[in-house]
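Novice: Submitted below is the structure of interest, expressed as C-alpha cells.
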Amino acid sequence: MLLSRFNRNRSLAFALWAVPVAWAGGRVVLIPPALRYDNMVWMQRWFKQLDRRVQGIVTPVALHEQQAETKFNWRLSIYGAVGASIVLLSLFVYGSDASLLHIFVVAPIFCLCCIILLVRSAIHKEPRRCLSILFAIVAFLAVSVALFSEQGTLRPTLRWLLWSHRYKAELMAAPNAANGALKHIEWDVSGWGPVGPTFVYLVFDRTDSLSVAAKNHQPGRYSGIPCEVARIQRLESHLYAVTFYTGESWGERNRLDCSGFGG
C-alpha cells in the first residue's frame, strides 16, 4: 500500500514538472524546454534514490509480516490457558454457579470467536495460523476441565483466603447446636433445578475430630453431623467446610435423614 501511494505521488510530481507554464509575478509565463528537461532529469534521479530508500524500509516490514502469518504462534495457546484460569478462578470466588456460567456462556463465546478466526484463516490459506487457533481452543478446554475437577477444593480455599475473618465472626456469633451437633452456619450453595442445590456448611469442631475425615477425602457419616456427607475439607485448626450431597441440607429430611443430630 505504501509503495502504490508513493508511485501515485511520483506520477503526479512528474506531471506537474512537465507542464510548460508557470505562475510568476501574477502572469503566466512559458518555461523554456531546456529548463523543463533539466528539471525532469533531476527529479527522475531524486525519485530513484527515494525509491531505493523506501524499498529498503518496506521490504523487511513486509517480510516480517509474512513470516508472522505463516509461523506457528504458541502465544495463542498461552492466552487461551491463562484466560481460562483467570475466568474460572474469578467465577469460583464470586459466582454461585461457576460451572453452569462457564459451560453455557464463557466457553461457547470463546469457541465461537475462535471458530470465526479459524474460518477466516482457512479462507486465506494460512494453515499454521489455523493450527495455532486449534491449539488455543484445546488449551482453553484442557485448563477448564482441570480446574473443574478441583472446584470442590479451590472454591472453598480461595473464598476462605479472601474473607475468612468475616466467616469466623459469623460462625462464632451463631447459637450453639444442641445434642452433640457441631456449631455450623450455611456457607455456600450452588446449583439449581435438577442439579442442585448443593449446600456447604462452615463447621466449628473444637476437638478436631473431623481431621481424619478431611485427610481421607472420603464420604461418610461423622460425629456431630446429622447424616452422611459427600466431602469434608479442613480450612484451618477447628474449622472445616462440610459439603452435603446435592439436594440435602442440615436439619431437613430428603433422600437422607439430615433432620436429627450428630451421633
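Novice: Net charge around R155, counting only other residues with Cβ within less than 12 Å of its Cβ (Lys, Arg = +1; Asp, Glu = -1)?
Specialist: On the way: positive: R159, R231; negative: D97, E150, D188.
Net charge in that neighbourhood comes out at -1.
Novice: For Y79 and H165 in the same chain, what is the full-extension length gain: residue separation times 0.36 nm, less their Cα-Cα distance, in nm? Don't skip to the answer; put the middle values down first.
Specialist: Numbers: separation 86, 0.36 × 86 = 30.96 nm, distance 3.44 nm.
Using 0.36 nm per residue and subtracting the Cα-Cα distance, I get 27.5 nm.
Novice: I would also like to ask the following. Taking amide H atoms as placed 1.01 Å from N in the peptide plane, list the residues 5 or more away in sequence, or in a different chain, whose amide H sits under 5 Å from that of D205.
Specialist: When sequence neighbours closer than 5 places are left aside, the close amide H contacts are L239, Y240.
Novice: May I pose another question? List the aspartates and glutamates whose alpha-carbon lies under 15 Å from that of K71, not counting same-chain residues fewer than 8 positions away?
Specialist: By straight Cα distance, K71 reaches E126.
Read-outs throughout are calculated quantities, based only on the coordinates presented, and are distinct from any laboratory measurement. All of these numbers come straight from a predicted model, not from anything done at the bench. Note that we place each Cβ from the backbone using ideal geometry, even for glycine, and neighbour counts take in every protein chain shown.
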